[in-house]
């Protein structure tokens, strides 16, 4: 571990990679503040840039910086204008916005920054401790176990999709897997389902898919519902007094300590993530607070703001554990990061730590640096960055659409990608209106190729499907997957029976 | 039929077409005797797709279902509580994106991008042309410079007939 840390420190502290951290965090904060773009859309827009860097370490550091910069930026718009464009920062608006309304916007932003910094830092320390352990266990995995693990991950994500959404999430997962079969696979060189279109020989370009599924519906939603993300108050107020008292620091310290660990553990679980962590953190702190503190929740309590901010940043860090150690994305955002790694010819999985330790460790170390940059650089710049919230929509929306299109175009230099992206964007908009969750679709798409490869190898080696029960690890993981599916379906059926 | 069932019906039709294509996939002679063929997983997925879309169609939907989505907050009309929805402009913007894709190479990056930004902003109600045109043109030139000169990705700035 210490050797790895040494490699990580020397790589992360190189001038180029430090520059990538700063640029990533600033861009993430800058764009994350704009209501209407979530971290997935922002990372999707940055992926062509990251891929063109050529260096997987720098690319992943840049994208990781964009990720937690975007979470922090989302908190800023959540606090200032009650427009949480990022689902993981909705809980921050419960107390952050009331604080801004009573003239304490500066203090609220400071609490958010400190809580985020602590959550992310403690998360990075836990990542350093847990990731090598998990990676060494994962080295025991073979093709059947990988296949079962991916099934487990996909079903967990569907199970966490929300009440009454399991079937739709599963359908989206299968749809994503179907899209992944278009083009050539690693096992079979002949293209499938291309319908004679030459541009689909290599399948769908994942940047096109991601832009079409996330960025375009968000931009169109801003036009469809003009009240969405509009500034209600706070965007125009002068932000000053970025300080908290010692007493306030003492009040939020235990909250930050608890939510860092809990948020991290929730983030590790596939399908859970910053959103669930932030809501659970808020609810937990409200329930355990003394009565006089509990009454303040929802009216501008600094504990009510510190809890979700700490939890969501710790969860973001935790979500990197399955990505870096097992090559399994735990969320839509880490799925996109996984896609970027594959595009950079880095083989994610347990061998990443052994074969590319500089990538593995430098990403972990850069998370700590990124959190430091967020605190030191962003906080003083917030009053100026907040002016972005005043960009008129008539300019903002065309530029968002333009960035998505150019992002898809420059990857393949092919206008066909734009047509595919617009088609996917229209489809995704319809899916969003119909309450179909999209992260399972993108995760299914990204994992589809690897799932098929591992399944194919397992079937060929066993000359049948016996591998499903021959290996205890495979059978165990598939049973866990079945539980993930059956428990919410059973609960759903029970609650319908009680109501009916 | 409400929208989520309409979508499930579309996915059912898609799954059936997918199944038809998977079953009709022409295997090479050596592939016919393999335990895992190129169409094995597609056939499995099409069965799951058909079963799940039928399940969504037939199972009554919950009124209190909630979406936990890691991307932005759901764009459902009920949750925003605002009845003033603009249905026309999103369609126009989609058409403009398609037109942009068609004219990108013939008109060149700078011309097509500037036109797209200007016309899109006008569709959204912008009328200050003395601000709009310089911002659109400046933005297009700046992005072209960033992409081609800084990142080294080729983007032809000029129309095709200019070479």
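All of the numbers you see were taken from the coordinates with simple rules; none came from a lab. Fair warning: this is a prediction, and the values are worked out from it, not measured in the lab. All Cβ positions, even for glycine, are placed from backbone atoms using ideal geometry, and neighbour counts span all protein chains on display.
Using only alpha-carbon positions in the protein assembly as shown, the gyration tensor eigenvalues give semi-axes of 36, 31, 26 Å once each is multiplied by 5 and square-rooted (largest first). A simple spin-label model places the labels of residue A:345 and residue A:202 1.3 nm from each other, with each point 7 Å out along Cα-to-Cβ. Between residue A:194 and residue A:253, the FRET efficiency estimated from the beta carbon spacing at R0 = 56 angstrom works out to 0.45. Against chain A, whose longest principal axis is taken from its Cα atoms, helix A:274-288 shows a tilt of about 50°. Averaged over the residues of B:140-147, the number of partner chain Cβ atoms lying within 10 Å of the residue Cβ comes to 2.
Here the peptides B:10-22, A:58-70, A:354-366, A:116-128 are ranked by packing, the mean other Cβ count within 10 Å, and the order with the highest first is A:58-70, A:116-128, A:354-366, B:10-22. The calculated 222 nm mean residue ellipticity attributable to helices in chain A amounts to -24000 deg cm²/dmol, summing -39500 (n - 2.57) over DSSP H runs of n ≥ 4 and dividing by all residues. Look at the stretch B:97-108: the mean tally of other chain Cβ atoms within 10 Å of its residues' Cβ atoms is 4. The mean count of C-beta atoms from other chains within 10 Å of the C-beta of residues in A:192-199, rounded to a whole number, is 2. Rg/Rh for region B:3-60 (Cα atoms only, Rh after Kirkwood) is 1.13. Working ranking of peptides A:215-221, A:489-495 by packing, defined as the average number of other Cβ atoms within 10 Å per residue, highest first, is A:215-221, A:489-495. Here residue B:145 and residue A:16 are evaluated by their C-beta separation; at R0 = 25 Å the FRET efficiency comes out at 0.70. In this simple spin-label model, placing a label point 7 Å from the Cα along the Cα-to-Cβ direction at both residue B:16 and residue B:161 gives a separation of 4.8 nm. Sorting A:461, A:107 by the number of Cβ atoms found within 10 Å of their own Cβ, with the fewest placed first, yields A:461, A:107.
Peptide packing: for A:186-194, A:441-449, the average count of neighbouring Cβ atoms within 10 Å per residue gives the ranking A:441-449, A:186-194, highest mean first. How many percent of all Cα-Cα pairs in region A:354-500 sit more than 22 Å apart? Result for the distance tail: 74 percent. Residues B:162, A:323 in ascending order of nearby Cβ atoms (within 10 Å, fewest first): B:162, A:323.
Considering all different alpha carbon pairs of region B:88-162, the Kirkwood hydrodynamic radius works out to 12.9 Å. Helix A:393-412 and the longest principal axis of the Cα set of chain A meet at an angle near 30°.
Rounded to the nearest 10 degrees, what's the angle between the helix A:246-268 long axis and the longest principal axis of chain A, both from Cα atoms, 0 to 90? Helix A:246-268 sits at roughly 10 degrees to that axis.
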